[in-house]
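One structure below.
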Amino acid sequence: MAQITVSLIKADIGSVGGHTRPHPSMMEALKDVLRDGYAKNIINDFYVTRVGDDMQIIMTHNKGIDNSEIHGLAWNAFVEASNVAKKLKVYAAGQDLLKDAFSGNIRGLGPGAAEMTFEERRSEPLVFFMADKTAPSAYSVPLLNIFANPFKTAGLVIDPRMHDGFKFQIFDLIDHKEITLSSPEELNDILAILGDTTRFAIKRVFSKNEELGIAASVSTERLNLIAGKYVGKDDPVCIVRAQSGFPALGEILQPFMEPIFVPGWMRGSHNGVFYPVSVEESDPTYFDGPPPICAIGLHVVNGKLQGLEDPSSEVGEHIPVDYFKFPCWNHIREESMRLNVAIRKQGSIMPAILPPEEMEYTTRPQVLEKLKDRFTKIPQK
Ligand code: F6R
Ligand code: MG
Ligand code: MG
């Protein structure tokens, strides 16, 4: 059986009426380029969606991860969509396309990518997470709960294929180093590292069963580190394989039943609580947030995507399951809002704002410089 690769590539290239949602013609422009890529046999299938002001392209193909043709296709699609955005003068048109020309792969150019290659199982259900107003470390708490917490994920206790646990590949996003650690044996070390969300994030999770292979993949690109200044937030995506040796769908969604504090809300400088929501309702309008998290489900069939539509429907026209749309998530949204309202009362004082080195907007250095002569020494004993 051939190996199949799933690539989820995202970028914020502009929105209508503030940082809210891309214009429908921008989505159409993405689709046109991808249809062309399909016609040229570059990809097997695709789906285009969005969360808040970020656009996502899901592609299946046989070219492996970090492939220049695949990344080039996504780049061209974002360039075309940003040309539409510029014509419409939507806000922040072309924002995440930091370089003028494509080179090799999307890394370092602005967009984020989560990709995985695997041998397709008899049925291959995938969950695609998409977040706005936050950073890659936002997935640390949910992925730890899904793949390393036996009090949450029953499969870790009672499914023989999961009982040995999972391996976590962790990235140091500042020094560009990686390490792979094994859970449960090294769980305390994993937690000690991931506790620092300013530097560390999970990149991939692997099953210890080699036949199953990769379990999850996260986009870990940090926009401000690439650009050297704030241009927008990373707004990361994550793919998780579900069922049959991997966590059940319910175990994958379960961590979102509890409040998850994430960095990156309002001007990339505030902490907030994830707001699990449908794609349609993910427009961030409450203090530019709260950080929306969407989860959609599709499965892979013979290297192509399949959702709720007729199997013979046109390529790219998929109808995924939108997991957070259902009313059972209403009380979770209410709980999230209760906490978000509470943290907003703290204004721009920590912990409502991020640590100084993580603030995407700040005036503190200028203010301290301006006032430096008015600071006087306090005598110490
Ligand atoms: C953008 C975002 C927003 C902006 C804020 C200021 O995705 O998270 O909170 O940072 O609206 O945006 P500018 O500086 O573009 O006016
Ligand atoms: Mg934005
Ligand atoms: Mg965004």
task = Output yes when any residue across region 105-116 is free of Cβ contacts under 8 Å to residues at least 24 places away in the same chain and either touching a helix residue (DSSP H, G or I) at 6+ places or on another chain (Cβ under 7 Å) or surrounded by fewer than 20 Cβ atoms within 10 Å (Cβ to Cβ) (or both), and no when none is.
result = no
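Quick one: which of E210, E178, E185 is without any contact (Cβ under 8 Å) to a residue 40 or more places away in the chain, surrounded by fewer than 18 Cβ atoms within 10 Å (Cβ to Cβ) and touching a Phe, Trp or Tyr at 6+ places or on another chain (Cβ under 7 Å)?
On the way: E210 fails: touching a Phe, Trp or Tyr at 6+ places or on another chain (Cβ under 7 Å); E185 fails: touching a Phe, Trp or Tyr at 6+ places or on another chain (Cβ under 7 Å).
Being without any contact (Cβ under 8 Å) to a residue 40 or more places away in the chain, surrounded by fewer than 18 Cβ atoms within 10 Å (Cβ to Cβ) and touching a Phe, Trp or Tyr at 6+ places or on another chain (Cβ under 7 Å) holds for just one of E210, E178, E185, which is E178.
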query = Of all residues in region 214-240, which are within 19 Å of L126 (Cα to Cα) and within 14 Å of ligand 3 (Cβ to nearest atom)?
reply = S219, P236, V237
ask   = Which residues, taken from region 63-104, are open to solvent by less than 20 Å² (accessible area, probe 1.4 Å) and either assigned to a helix (DSSP H, G or I) or acidic (D, E) (or both)?
value = I70, H71, G72, L73, A74, W75, A77, F78, A81, S82, A85, D96
ask   = Looking at region 6-25, which of the residues that are within 9 Å of ligand 2 (Cβ to nearest atom) and hydroxyl-bearing (S, T, Y) is least open to solvent (accessible area, probe 1.4 Å)?
value = S15
Residue, nearest to Q346 (Cα to Cα), within region 255-278, restricted to residues that are outside any strand (DSSP E or B) and open to solvent by 50 Å² or more (accessible area, probe 1.4 Å) = R267
ask   = Within the bounds of region 234-254, is there any residue that is in contact with a strand residue (DSSP E or B) (Cβ under 8 Å, 6 or more places away or on another chain), in a loop (DSSP other than H, G, I, E, B) and polar (S, T, N, Q)?
value = yes
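The values are calculated or read from the model by the stated rules, or taken from the named source; none is laboratory data. Keep in mind the model is a prediction, meaning the values are calculated, not measured. As a convention, Cβ positions derive from the backbone with ideal geometry for all residues, glycine included, and neighbour counts pool all protein chains shown. Each accessible area value is taken on the protein alone, full model and side chains, heavy atoms only, with ligands, DNA and RNA left out. Shrake-Rupley method; radii C 1.70, N 1.55, O 1.52, S 1.80 Å.
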